[in-house]
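Values quoted throughout were computed directly from the atomic coordinates according to the rules given, and no laboratory measurement underlies them. These numbers come from a predicted model, not from an experiment.
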């Protein structure tokens, strides 16, 4: 795919420009989303047409004109060419998902982490997914193991799509979609219910750590995601462990830590898997 796209773009872009572009596009179902450097904006229509011609399974190309932002974790998209619809079907590890690439958070770049988490889950686990979006992590875990997952999201569109995805994948009763603020929902309904908590809001995890801990039973596991600055890539996991230990006094044991993905120059999304002992 990469070689084919570079060949398609070689007549309109330099090698350096082509490299930047190919590493900055995602295909989600039949939709391509591309992040275009400012210098290439005048060529976006040509770029979009070239992508659509080469990726035969795609029906549209969108330019991402803003980062993911706000409580609903959405982004602005501008159609370059093809169909204007932003809803599509995405398949991953035996599950089908309806996603809206503009109105609800979704990233295909977390597929490896989703599979890792689903492999860690045990039969019988109760899981609280505090920022669950359309249900990707939750449904993949419930598909693989006999567990119960509470998928919380403040975005009503994400919660509606999660409910659709529960039906599509025949996981009613195994995944429960809850719409609202995760702190309030946990305080009202999920105190000391969970064996495992997912904190998939890396830019704000510190704010929600206390409520995440409150949702755990006496002992449980938190998957704590954060954005870490590291001069050397290999230092990022250790720095994320130190950060976690510095922001709380709860008795805990680090199980593992890893880089999930780079998110900027010398910035990394990391995850620390932590066993928490409340008593």
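Just a few scattered comments:
- Mean Cα-pair separation over length for the range 78-138, i.e. relative contact order, pairs under 8 Å, 6 or more apart, %: 28 percent
- Fully extending the segment from residue 45 to residue 181, taken as 0.36 nm per residue of separation minus the present Cα-Cα distance, adds 45.0 nm.
- Restricting the calculation to alpha carbons of the range 2-85 gives Rg and Dmax of 12.5, 41 angstrom.
- Debye log10 I(q)/I(0) at q = 0.17, 0.18, 0.26, 0.28 Å⁻¹ for the range 210-279, Cα point scatterers: -0.59, -0.64, -1.10, -1.21
- Relative contact order of the range 103-277, taken over Cα pairs closer than 8 Å and 6 or more residues apart, is 18 percent.
- With 0.36 nm allotted per residue and the present C-alpha distance subtracted, the residue 16-residue 278 stretch has 89.1 nm of extension available.
- Among beta bridges that DSSP assigns inside the chain, antiparallel share in %, nearest 5: 65 percent
- Of 148, 81, 112, the residue with the greatest mean-square motion in the GNM of the chain, using alpha carbon springs below 10 Å, is 112.
- Gaussian network model of the chain, Cα within-10 Å springs - most flexible of 110, 140, 40: 40
- Per residue, the chain reaches -9500 deg cm²/dmol at 222 nm when only DSSP H runs of four or more residues are counted, each adding -39500 (n - 2.57).
- Degrees separating the helix 236-246 axis from the principal Cα axis of the chain, which is the longest one: 40 degrees
- Cα-based convex hull volume of the range 19-140 per residue, rounded to whole Å³: 110 Å³
- Subtracting the Cα-Cα distance of residue 83 and residue 206 from 0.36 nm times their residue separation leaves 40.3 nm of extension gain.
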